[in-house]
Amino acid sequence: MHDKNEHTIGIISDTHGLLRPGAVNVFQGVDLIIHAGDIGTPTLLRELGNTAPLVAVRGNMDYENQPNKLPVTEVVTINDNSIYVLHDINRLDLDPAVSEISVVISGHTHRPSIKKRGGVLYVNPGSAGPRRSGLPASVALLYITGSSLSAKLIRL
């Protein structure tokens, strides 16, 4: 069981309707799952939501008329760490450091990456959906212990 100070967040993006069993396995026991868009089907969100509490944003391939309308951006706060979630990092219209955001989570590129810039952690879990252009299917885990943040990519 997690001490209230310690949280593990599962991060997934660009599933495009395919929820791999490996992703669900990785997310067993996480405190929260964040889906950074291009979900594909509402059923996929229900399945993820059965694994852990879920926050999701709309990607460029998720249409506004879908049954569960999703926001374009979302902010989650854990242990005073603000996590800003959007699909396409190129649409980031604020300065995370100035806005006191600790983590920016995005998807869209299908290229997994973890970078720290200006005191802000940027996490793109890559694509967990159908493989494209030889890129691996992957997800990420974000670890929060107090104000300490770290993330790791996991190939599926």
Checklist entry - Restricting to region 128-156, what's the tally of residues that are out of contact with any Ser or Thr (no Cβ under 6 Å at 6 or more places or on another chain), loosely packed, with under 14 Cβ neighbours inside 10 Å and at pLDDT 95 or above? => result 2
Item to check | Whichever residue in region 58-104 is hydroxyl-bearing (Ser, Thr, Tyr) and modelled with pLDDT of 90 or more and, among such residues, is nearest to the chain's Cα centre (by Cα) | outcome: Tyr84
Checklist entry - Does Ile144 satisfy the condition of being touching a Phe, Trp or Tyr at 6+ places or on another chain (Cβ under 7 Å), farther than 18 Å from Gly37 by Cα and among the β-branched types (Val, Ile, Thr)? => result no
Next on the checklist: Within region 33-127, considering only strands (runs of 3 or more DSSP E) that don't extend past its boundaries, which have at least 3 residues that are surrounded by fewer than 18 Cβ atoms within 10 Å (Cβ to Cβ) and not β-branched (Val, Ile, Thr)?
Outcome noted: 113-117
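The values are calculated or read from the model by the stated rules, or taken from the named source; none is laboratory data. Everything quoted here is computed from the prediction, not taken from an experiment. Because the Cβ atoms are built from the backbone with ideal geometry, glycine has one as well, and the counts that use them run over all protein chains shown.
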